[in-house]
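Novice: Have a look at the structure that comes next, please.
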Amino acid sequence: MSSKEYWMRRAIDLARYCHTPYAAILTDQNGKLIAQKANTVKKDMDPTAHAEINAIRKACKLRKSLDLSDCIIYSTVEPSPIGSSAIAYSNISNIVYGAGISDVTEHGGRNLSFSISDFYQSINYKADITPYYLRDECTGLIAQFK
């Protein structure tokens, strides 16, 4: 199993454990776990508590730095514009996601239909994006926890 598959499967397991389709894991370039968090928007009554943002907050606090440029983020669902902004502000340029925003809206989810690629192009941010990785399993989470 590749490192990419291992961490994405860990994100899927985290999402299942937390009863949400949304989970994110941050590792360094060597594959060391830095942070893992799920979406807690409803639990915390906080519209900014997306999985990516929660993981980034934890990683920045642990490292006492806003610069996560040596990290890779694995997200079960394509980051929304708010998650994508946090990723860019923390200088993460390696992103792997499973289900797309279109998968969320197809399952009745409320999401802004603005892809991470389009968003980064609009702000001229360069990132290595691996889209739709283990998409079927991640889309299954959306159907399961909608």
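Novice: Tell me, please, whether a residue that is within 13 Å of the chain's Cα centre (by Cα), within 14 Å of Ser80 (Cβ to Cβ), part of a loop (DSSP other than H, G, I, E, B) and modelled with pLDDT of 95 or more can be found in the range 50-57.
Specialist: Checked the range 50-57: at least one residue is within 13 Å of the chain's Cα centre (by Cα), within 14 Å of Ser80 (Cβ to Cβ), part of a loop (DSSP other than H, G, I, E, B) and modelled with pLDDT of 95 or more.
Novice: Does Gly140 fit the bill of being under 23 Å from Glu5 (Cβ atoms) and in contact with a Lys or Arg (Cβ under 6 Å, 6 or more places away or on another chain)? Lay out the reasoning, then the answer.
Specialist: Values: under 23 Å from Glu5 (Cβ atoms): yes; in contact with a Lys or Arg (Cβ under 6 Å, 6 or more places away or on another chain): no.
No.
Novice: For the range 38-57, does any single residue satisfy the condition of being open to solvent by 60 Å² or more (accessible area, probe 1.4 Å), of a type outside the set (Ser, Thr, Tyr) and within 27 Å of Ser2 (Cβ to Cβ)?
Specialist: no
Novice: Could you list, in sequence order, the residues of the range 1-37 that are among the basic types (Lys, Arg) and either in a loop (DSSP other than H, G, I, E, B) or buried (at least 21 other Cβ atoms within 10 Å of the Cβ) (or both)?
Specialist: Once the filter is applied, which keeps residues that are among the basic types (Lys, Arg) and either in a loop (DSSP other than H, G, I, E, B) or buried (at least 21 other Cβ atoms within 10 Å of the Cβ) (or both), the range 1-37 yields Lys32, Lys37.
Novice: Right, next: Looking at Asp13, Asp44, which is the one that is without any contact (Cβ under 8 Å) to a residue 24 or more places away in the chain and under 22 Å from Arg135 (Cβ atoms)? Explain how you work it out, then say what you get.
Specialist: Values: Asp44 fails: under 22 Å from Arg135 (Cβ atoms).
None of the others qualify; the one that does is Asp13.
The values are calculated or read from the model by the stated rules, or taken from the named source; none is laboratory data. Given the structure is predicted, the values throughout are model-derived calculations rather than measurements. Heads up, the Cβs are rebuilt from the backbone with ideal geometry, glycines too, and the neighbour counts pull from every protein chain shown. The protein model used for the area step is the full one, side chains on, heavy atoms only, and it has no ligands, DNA or RNA in it. Shrake-Rupley method; radii C 1.70, N 1.55, O 1.52, S 1.80 Å.
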